[in-house]
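The values are calculated or read from the model by the stated rules, or taken from the named source; none is laboratory data. What you see is a predicted model; the values in this text were computed from it and never measured. Note that each Cβ is placed from the backbone with ideal geometry, even for glycine, and that neighbours are counted across all protein chains shown.
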Amino acid sequence: MIKILIVTTFEIKGGSFRSLTTLVDGLKDTIDFKVNVLTQKIRNKHLGFFGIDSYLSIFSIIKNIVSFKPDVIITQLNISFPTIIISKIMKVPVINIVRGTSEFCPKYVDIIEYGKICSGLNNRKQCFKCINKWRSLRVLIGNKRKGWEYSLPSAISNILYKIRYFICKFNLNLLKKASVNLVASNLMKKNITNRIQSNVKIVNITPINKRLIDTFTLISCADGTVVGKEKRLIFVMPTDDASYKGLDFVLKLIRFIPKDYHIFIIGGYIPSYKLSWDATKLWIMGYIHSNKLLNTFYYESTITLVPTFSTEAFGRTVLESLVNRTPVISSPQCGINEFLKDDFLQVVPLKLDLWIKKIEDMIKNPPTITNDDISKIYEQFSLEKNKQDFIKIIKKVK
């Protein structure tokens with residue numbers, strides 16, 4: 001019997017949460033494994049700004065290791081850093097799942113120019129220059145109001161981001177101490193391997209359950225014709241501050257979509273000043289915690305929009321949309337783009353006119369997603385494949 005301790009940040013929304021939940025369910029079904037899950041429950045907003053409130057859970061991690069006596073630890077998100085330190089001291093192999101770049105970018109969002117992402121944490125001079133530029137760039141992408149770049153909060157945030165540079169550098173160096181770091185795509189791998197080289201592996205860390213595939217297959221024709229489609233575009237944002245996910249881009253885009261179409265925005269909070277214009281074609285749904293309801297919204301929509309500005313390590317939204325038979329328009333910053341080269345996933349640079357044209361083209365000539373297409377997608381990202389990959393890695397590091 002192999003004992004596995006999973007240490008993660010407490011979340012009930014977003015792709016990281018759904019991916020890990022699916023993985024945990026798969027590992028628990030494995031006869032040879034005994035799985036225990038520890039979630040970070042202690043939060044501090046001041047320490048959280050620097051991404052170090054996870055260190056408040058150190059004693060809880062130690063207590064669980066002592067009592068459970070795991071053979072292997074699997075960890076992800078901010079709490080992975082204290083977990084790596086403790087596992088190294090207590091000589092327990094640790095598998096670290098790297099979900100994104102926010103832990104390694106001082107300003108959390110690895111944008112260096114409009115529509116251009118950073119290649120990774122390089123040196124202090126380059127990062128400080130990027131931080132200074134971020135004050136005006138935040139206004140340009142719509143994250144802050146005009147004039148914010150000259151305000152006192154802007155100056156304070158600049159100082160705090162520069163302090164955080166040293167924390168991010170420390171985080172990157174900690175990755176070298178993990179037994180293995182798992183990433184979802186080459187895009188994510190390139191971002192961190194300019195500092196660490198040897199222990200980074202691309203693995204399916206975003207599994208989908210077959211129950212998701214079976215939900216709508218029976219009410220769709222074998223040739224990919226879909227019944228029940230609405231004149232609707234859908235945009236899913238997992239966090240409140242979603243400008244880096246393309247929220248402000250979508251709010252600009254909505255003014256140019258066909259008159260009889262509207263956009264569903266699911267999740268997150270939108271400040272009222274961003275909605276001062278006529279938003280009759282915008283439907284704000286709030287968070288959807290029901291997977292069944294979220295899948296229904298995907299299925300009924302015509303196109304899913306994924307205009308992310310920063311590095312999207314994978315892009316679970318793309319995957320969930322496609323298996324629900326809804327094509328996707330994505331920015332080049334999504335890691336999943338390298339795995340799917342079909343017409344139902346269109347990769348378009350973040351320029352408003354290009355997205356307007358692509359939306360019009362896709363509405364006029366909607367790509368079909370057949371049962372065979374869905375089967376191929378599932379083969380690549382199935383829970384079964386994910387589980388087998390993890391079993392091999394667990395046995396190798398044990």
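Among the residues making up the stretch 87-141, those that are among the acidic types (Asp, Glu) and either free of Cβ contacts under 8 Å to residues at least 60 places away in the same chain or not in a loop (DSSP other than H, G, I, E, B) (or both) are 103, 113. Against the criterion of being more than 22 Å from residue 259 (Cα to Cα) and either assigned by TED's automatic domain parsing to the domain that holds residue 295 or of a type in the set (Gly, Ala, Ser) (or both), residue 367 does not qualify. Out of 199, 181, 191, one residue alone is at pLDDT 90 or above, surrounded by 14 or more Cβ atoms within 10 Å (Cβ to Cβ) and either among the charged types (D, E, K, R) or not assigned by TED's automatic domain parsing to the domain that holds residue 134 (or both). It is 181. Against the test of being of a type outside the set (Lys, Arg), in contact (Cβ under 8 Å) with a residue 24 or more places away in the chain and surrounded by fewer than 16 Cβ atoms within 10 Å (Cβ to Cβ), the options 373, 389, 343 yield a single qualifying residue, 343. Scanning the stretch 15-70 for residues that are free of Cβ contacts under 8 Å to residues at least 12 places away in the same chain and assigned to a helix (DSSP H, G or I) turns up 17, 21, 28, 45, 46, 47, 48, 59, 63, 66, 67.
Listed by position, the helices (runs of 4 or more DSSP H) inside the stretch 304-398 whose residues that are touching a helix residue (DSSP H, G or I) at 6+ places or on another chain (Cβ under 6 Å) and more than 30 Å from residue 113 (Cβ to Cβ) number at least 1 are 316-323, 371-381, 383-397.
Conditions (1) in the same structural domain as residue 321 (by TED's automatic domain parsing); (2) out of contact with any helix residue (DSSP H, G or I) (no Cβ under 9 Å at 6 or more places or on another chain); (3) of a type in the set (Ser, Thr, Tyr), marked per residue:
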residue	(1), (2), (3)
16	no, no, yes
43	no, no, no
50	no, no, no
60	no, yes, yes
77	no, no, no
84	no, no, no
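For the stretch 105-120, the condition of being surrounded by fewer than 22 Cβ atoms within 10 Å (Cβ to Cβ) and closer than 24 Å to residue 59 by Cα holds for none of the residues. Out of curiosity, is residue 210 out of contact with any strand residue (DSSP E or B) (no Cβ under 6 Å at 6 or more places or on another chain), surrounded by fewer than 17 Cβ atoms within 10 Å (Cβ to Cβ), within 30 Å of residue 326 (Cβ to Cβ) and at pLDDT below 95? Against the criterion (out of contact with any strand residue (DSSP E or B) (no Cβ under 6 Å at 6 or more places or on another chain), surrounded by fewer than 17 Cβ atoms within 10 Å (Cβ to Cβ), within 30 Å of residue 326 (Cβ to Cβ) and at pLDDT below 95), residue 210 qualifies. Check the stretch 115-134 and report whether any residue there is touching a Ser or Thr at 6+ places or on another chain (Cβ under 7 Å) and farther than 18 Å from residue 191 by Cβ. Scanning the stretch 115-134, I find no residue that is touching a Ser or Thr at 6+ places or on another chain (Cβ under 7 Å) and farther than 18 Å from residue 191 by Cβ, so the answer is no.
Scanning the stretch 267-323 for residues that are at pLDDT 90 or above, aromatic (Phe, Trp, Tyr) and within 19 Å of residue 232 (Cα to Cα) yields 297, 298, 299. Please indicate, with yes or no, whether at least one residue in the stretch 151-173 is at negative phi, touching a strand residue (DSSP E or B) at 6+ places or on another chain (Cβ under 7 Å) and in contact (Cβ under 8 Å) with a residue 24 or more places away in the chain. Within the stretch 151-173, none of the residues are at negative phi, touching a strand residue (DSSP E or B) at 6+ places or on another chain (Cβ under 7 Å) and in contact (Cβ under 8 Å) with a residue 24 or more places away in the chain.
Restricting attention to the stretch 124-143, the residues being closer than 12 Å to residue 158 by Cα and of a type in the set (Gly, Ala, Ser) number 1. Given the condition basic (Lys, Arg) and modelled with pLDDT of 90 or more, answer yes or no: does some residue in the stretch 371-383 qualify? Yes; the residues of the stretch 371-383 include at least one that is basic (Lys, Arg) and modelled with pLDDT of 90 or more.
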